[in-house]
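FYI, it's all coordinate maths here, none of it is from the lab. None of the values given here were measured: they were computed from a predicted structure. Ideal geometry is used to build each Cβ from the backbone, glycine not excepted, and the neighbour counts take in all protein chains shown.
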Amino acid sequence: METEAYIGIGSNLGDRELNLLRGVAEIGKLPLSRVTGLSPFYETSPVGVTDQPAFYNAVLSLATALTPPELLSGLQRIENEVFNRTREHRWGPRNIDLDLLLYGSEVIDSEELTIPHPRMAERRFVLQPLCVLAPGLIHPVLGRSMVELLAMLSSVETVVEI
């Protein structure tokens with residue numbers, strides 16, 4: 001049985017566009033999974049640590065029979081083994097960042113995994129591409145659509161389609 005998951009993809013080091021495309025291709029290779037949608041790419045201002053290069057961000061939808069922990073493990077393997085990602089600073093520069101945003105309507109809060117992603121409703125670089133893919137999708141905790149969450153958002157982030 002497949003579940004629709006949504007994954008945020010970001011990069012602000014190296015060839016950002018190529019990193020996103022490569023990330024999508026690698027996610028498409030995950031077992032029991034297939035990419036079903038991809039938002040446009042956006043150039044976005046950094047959040048948290050602002051003294052770093054601008055990001056390219058996108059969101060993809062994935063039909064998967066992997067469990068949430070299996071999917072998270074696959075995403076982390078892509079970050080670490082394919083992209084050789086190192087985590088020196090929280091919210092610091094990175095060549096790839098893969099975030100499991102939503103997994104169907106599941107709500108998970110464990111030490112290893114939190115779904116929905118705990119800050120997704122505060123981030124324009126997540127909500128804007130999600131609105132392209134699934135504007136009527138309902139946040140399973142907040143009970144609001146992605147369009148409603150984006151309209152309610154007050155942030156200073158810049159998000160420009162490229």
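Filtered by the rule that a residue be under 15 Å from ILE7 (Cβ atoms), surrounded by 19 or more Cβ atoms within 10 Å (Cβ to Cβ) and not aromatic (Phe, Trp, Tyr), the stretch 39-63 gives SER39, ASN57, ALA58, VAL59, LEU60, SER61, LEU62. The condition of being among the hydroxyl-bearing types (Ser, Thr, Tyr) and exposed (fewer than 13 other Cβ atoms within 10 Å of the Cβ) holds for THR86.
Counting only strands (runs of 3 or more DSSP E) that sit completely within the stretch 1-96, those holding 3 or more residues that are of a type in the set (S, T, N, Q) correspond to 55-64.
Scanning the stretch 107-125 for residues that are closer than 20 Å to GLY74 by Cβ, surrounded by 13 or more Cβ atoms within 10 Å (Cβ to Cβ) and touching a residue at least 24 places away in the same chain (Cβ under 8 Å) yields a count of 6. Consider the stretch 149-162 and keep the residues that are in contact (Cβ under 8 Å) with a residue 12 or more places away in the chain and in a helix (DSSP H, G or I). The one that is surrounded by the fewest Cβ atoms within 10 Å (Cβ to Cβ) is LEU150. For the stretch 131-148, the condition holds for no residue, the condition being that it is within 22 Å of PRO31 (Cβ to Cβ), surrounded by 12 or more Cβ atoms within 10 Å (Cβ to Cβ) and within 13 Å of the chain's Cα centre (by Cα).
Taking the stated definitions as given, is GLY48 in contact (Cβ under 8 Å) with a residue 40 or more places away in the chain and either out of contact with any Asp or Glu (no Cβ under 8 Å at 6 or more places or on another chain) or more than 18 Å from VAL159 (Cα to Cα) (or both)? Yes; evaluated as a whole, the condition is true for this residue.
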